[in-house]
Amino acid sequence: MQQLEQDIRAALSAAIQQAFSVTVAADQLVIQPTRKEFAGSFTLVTFSLTKTLGKGPEQIGQALGEWLTGNEPRISGFNVVKGFLNLEVADQEWLRLFQGLVQQPDGAPVRTGGPQDVVVEYSSPNTNKPLHLGHLRNNFLGYSVAGILGATGATVTKANLVNDRGIHICKSMLAYQQYGHGETPQSAGIKGDHLAGKYYVLFEKHYREQVKQLEAEGVAADVAKRQAPMMLEAQDMLRAWEANDEAVVNLWKQMNGWVYEGFNETYTTIGVDFDKYYYESGTYLLGKERVEEGLQKGVFFKKEDGSVWVDLKEEGLDEKLLLRADGTSVYITQDLGTAELKYQDFGYDLSVYVIADEQNYHMQVLKAVLKKLGKPYADAIYHLSYGMVDLPSGKMKSREGTVVDADELVREVVEAAKAATLEKGKIEGLTEDEQAQLFHTLGLGALKYYLLKVDPKKRMLFNPEESVSLEGHTGPFIQYSHARIAQLRRKAEQMGVNSTADFLSIGDLQKSEREMIEELARYANVVTEAARTFSPAIVAQYAYDLAKAYNRFYAEVQVLAEPDEAKRAFRVALSTQTGRAIKASMKLLGIEVPERM
């Protein structure tokens with residue numbers, strides 16, 4: 001499609017020269033896709049040419065349309081609507097374009113000239129709680145963006161920075177130490193990440209009780225929060241951990257080990273993976289070295305209590321704490337270390353951080369601090385800031401236990417997919433294992449598509465009932481369309497239809513056939529735009545548009561029942577290519593498509 005667009009621009013430039021004896025470079029012409037209510041594929045905006053050509057926009061459009069239809073074989077017709085010249089592309093040109101698409105190998109990269117060495121960091125869970133709905137949006141976004149950037153030919157590393165240390169981890173550890181009585185995931189019969197989360201919630205319960213008691217004794221609220229015994233004990237535990245206290249470290253290793261087993265099980269279930277793991281426990285010391293470097297360079301400063309800060313007022317930010325007075329690190333400390341480690345490992349020219357928009361300020365600070373330190377990779381950092389996921393009842397809060405658990409949600413959508421599929425009665429001939437795999441594919445497809453079809457920057461409301469719907473603008477609708485095409489392809493093979501023939505001589509195209517080729521030709525532009533904007537929603541919309549267009553085509557023309565052998569072969573090839581494009585698009589979203597249903 002990109003080449004055809006360039007050819008149309010060149011033809012328009014030639015038409016202007018011939019019709020008006022004025023030279024206008026092809027790249028100066030503004031063309032866009034024709035709106036669906038008008039005939040045509042490309043539209044030239046003629047308003048911008050009136051001054052140069054000295055004619056009205058409609059007069060310009062009429063003159064150029066007449067010259068092109070008389071001299072350019074690629075153009076079969078035109079219409080002028082006010083200041084817009086709508087150009088109809090000849091069927092032979094669409095067939096040539098389609099022939100080229102058929103011959104392209106699966107997985108051929110869409111070259112965009114963008115970054116070539118990319119690290120995409122996503123998931124980044126805390127080891128004090130299981131993954132929840134918000135984590136699912138993060139994981140699906142990160143995995144999809146990595147796939148989209150990889151489709152442009154870039155070398156992409158999927159990284160996971162595990163937040164395995166800090167005060168929040170110590171809260172779970174302290175509560176387990178005081179109330180766990182030796183409980184293990186095996187003895188409790190629950191996943192390790194859920195066990196850690198249980199004690200995080202338990203810490204908050206007892207901590208709030210202590211704060212309430214102090215306030216009842218006349219202690220100011222802000223002082224009570226700082227002086228509550230459990231908070232002081234958690235801070236002591238953090239200092240002990242950083243001092244490498246054997247008992248604290250052993251408890252930390254034990255509980256984190258349980259959590260990692262739970263995380264890995266969830267990652268496998270939801271179909272995401274990573275090429276490289278980083279752990280904050282392994283990056284915070286390097287971060288402390290960078291803080292010391294900043295002090296020596298005079299770009300950081302110490303306050304009287306010994307805490308280290310950076311002044312970012314000139315950057316439009318504020319003063320930012322880099323190291324606490326007691327020498328313990330904060331999030332930004334380890335982030336400095338992780339950024340450097342990733343650069344040492346991969347020498348990236350783009351480092352994407354998939355982090356919720358609640359951390360916009362933090363990411364601005366990270367980039368500004370790295371610039372202060374003169375790091376060459378500071379400008380390569382890109383924050384893919386995404387909107388939070390809300391529930392109809394309000395914001396999720398891990399510490400209060402008011403989250404939608406990821407494992408439970410996946411089970412629910414798989415059950416919903418099972419119920420809907422059994423109701424349709426479309427599983428004849430499938431074994432029990434094949435049925436279970438189909439239900440999982442459909443359920444997870446519904447969930448992923450629901451979370452990815454919304455632009456990442458938008459805050460979204462998660463509606464459980466809507467998310468598991470298998471009709472309308474959903475993942476399963478697209479999956480059903482692919483299964484229908486796969487079934488048609490199998491029947492065509494049984495009939496001996498040759499769908500690899502030369503299609504240039506089949507004659508005129510039906511409108512729905514022309515629309516299908518045009519949709520298929522958009523794929524490269526879709527990948528390019530999705531990569532430029534880091535938005536899987538663009539790919540999701542394309543997959544849906546493609547499935548809808550195919551269903552219109554399938555309803556309007558005969559495929560296997562077409563008596564003309566050449567047209568039958570073409571329509572089977574058109575169906576096959578649509579199936580390839582749906583599969584490729586859904587793969588970029590991390591969604592599988594079934595071959596049969």
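Any read-out appearing in this document is the output of simple, stated calculations on the displayed coordinates, not a laboratory observation. Computed from a prediction, not measured in an experiment: that's the story for all the values here. Neighbour counts are summed over all protein chains in view; Cβ atoms, including those assigned to glycine, are modelled from backbone coordinates with ideal geometry.
Structure notes:
- Placing unit charges on each Cβ (+1 for Lys and Arg, -1 for Asp and Glu) gives the chain a dipole about its Cα centre, and among Val389, Pro376, Pro563 the Cα reaching farthest toward its positive end belongs to Pro563.
- Taking the C-alpha atoms only, the angle from helix 229-242 to the longest principal axis of the chain is near 80 degrees.
- Residue-averaged 222 nm ellipticity for the chain, from DSSP H runs of 4+ at -39500 (n - 2.57), nearest 500: -18000 deg cm²/dmol
- Shape box of region 1-94 [Cα atoms, principal axes, largest first, Å]: 34, 24, 23
- Taking other C-beta atoms within 10 angstrom as a stand-in for reagent exposure, Leu422, Leu323 fall in the order Leu422, Leu323, fewest first.
- Nearby lysines by direct alpha-carbon distance to Lys426 (threshold 27 angstrom, same-chain neighbours under 8 apart not counted): Lys418, Lys448, Lys453, Lys491, Lys548, Lys583, Lys587
- Here region 2-89 is treated with +1 on each Lys and Arg Cβ and -1 on each Asp and Glu Cβ, and its dipole about the Cα centre works out to around 220 debye.
- Lysines whose Cα lies under 20 Å from that of Lys51, excluding same-chain neighbours fewer than 8 positions away: Lys82
- Dipole moment magnitude, nearest 20 debye, region 289-412 about Cα centre, only Lys, Arg, Asp, Glu C-beta charged: 300 debye
- With at most 12 neighbouring Cβ atoms within 10 Å, loop GluC sites (Glu not before Pro) (DSSP) excluded, longest segment of the chain: 38-216
- The angle separating the long axis of helix 360-372 from the principal Cα axis of greatest extent in the chain is about 80 degrees.
- Fewest-first ranking of Leu141, Leu53, Leu588, using other Cβ atoms within 10 Å as the exposure measure: Leu53, Leu141, Leu588
- Sparse-neighbour loop sites [trypsin sites (Lys or Arg not before Pro); region 261-314; at most 11 other C-beta within 10 Å; DSSP]: Lys303
- Only Lys, Arg, Asp and Glu carry charge here, each on its Cβ (+1 for the first two, -1 for the last two); on that basis the chain has a dipole of about 800 debye about its Cα centre.
- Counting only DSSP beta bridges with both residues in the chain, the antiparallel share comes to about 50 percent.
- Trypsin sites (Lys or Arg not before Pro) restricted to DSSP loop in region 93-172 with at most 15 other C-beta within 10 Å: Arg111
- Sorted by Cβ neighbour density within 10 Å, fewest at the top, the residues Lys36, Lys198: Lys36, Lys198
- Helix 406-424 vs. the chain, principal-axis angle (Cα, 0 to 90°, nearest 10): 40 degrees
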